[in-house]
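One structure is given below, encoded as structure tokens.
The values are calculated or read from the model by the stated rules, or taken from the named source; none is laboratory data. Computed from a predicted model, the values in this text were never measured in an experiment. Positions of Cβ are generated from backbone atoms using ideal geometry, with glycine treated the same way; all protein chains shown enter the neighbour counts. Surface accessibility is based on the protein's heavy atoms, side chains included, excluding ligands, DNA and RNA. Shrake-Rupley method; radii C 1.70, N 1.55, O 1.52, S 1.80 Å.
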Amino acid sequence: RDVTAAFDGITVTGRVDRVMKKDDRSRVVDYKTGKVKEKKDVKNGTALQLPIYTEAAAKETGLKPETGYYVQTSSRKAGVVQIFEDDAEKMIADAKEMIVSIIERIRNGECAVTEKCGNKYCPYKHICRKDEGGQND
């Protein structure tokens with residue numbers, strides 16, 4: 001189902017695959033048929049989906065959030081991946097900090113998307129819907 005979370009006045013919406021409940025706690029599980037995020041993606045701000053979903057599910061259910069998991073279900077590889085080593089509150093706080101930073105840079109015009117944008121080293125590539133050649137907007 002769809003869930004929403006607000007960050008610095010920006011509403012983020014996504015579709016949660018699964019929320020598991022145990023007593024007064026909840027854990028989000030996100031199924032991936034392709035590549036799963038890695039621990040390095042947490043530090044560079046490209047692993048925001050799971051923390052956003054965790055925050056949204058916690059607010060909607062009123063349950064205490066726990067760190068979630070990615071479950072990879074491809075024909076080549078299957079398994080459970082936990083990329084967040086800290087507790088859920090730290091995971092969510094770090095994601096919020098990154099999201100607010102991204103929003104601030106966008107508002108300041110530091111991340112203007114153009115038709116000819118082809119900078120493969122752009123630090124905002126993970127939030128831009130352009131590929132390396134500026135195609136597929």
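Across all Cα atoms of region 1-55, the radius of gyration (one decimal) and Dmax (whole number) stand at 12.3, 33 Å. Once the chain from residue 46 to residue 78 is taken as fully extended at 0.36 nm per residue, the excess over their C-alpha distance is 9.4 nm.
With 20 Å as the limit on Cα-Cα distance, the pairs of 37/90; 22/64; 39/64; 22/96; 22/59 that go past it are 39/64; 22/96. Note on residue 38/residue 100: beta-carbon distance plugged into 1/(1 + (r/R0)^6) with R0 of 30 Å gives a FRET efficiency of 0.80.
Residues whose amide H comes within less than 5 Å of that of residue 17, counting only those at least five positions distant or on another chain, are 31 (H built at 1.01 Å from N in the peptide plane).
Rounded if a/c is under 1.5, else prolate if a/b beats b/c, else oblate: with a ≥ b ≥ c from the C-alpha gyration tensor eigenvalues square-rooted, which is region 18-117? It comes out oblate by the Cα gyration axes. Of the GluC sites (Glu not before Pro) found in region 50-84, none is in coil by DSSP with at most 13 other Cβ atoms within 10 Å of its Cβ.
Projection of the Cα convex hull of region 55-105, averaged over all directions and equal to a quarter of that hull's surface, yields 5.1 nm².
Ranking 31, 70 by solvent-accessible area of protein heavy atoms (1.4 Å probe, all protein chains present), from largest to smallest, gives 31, 70. Reported to the nearest whole Å, the Cα centre-to-centre distance from region 46-78 to region 1-36 is 5.
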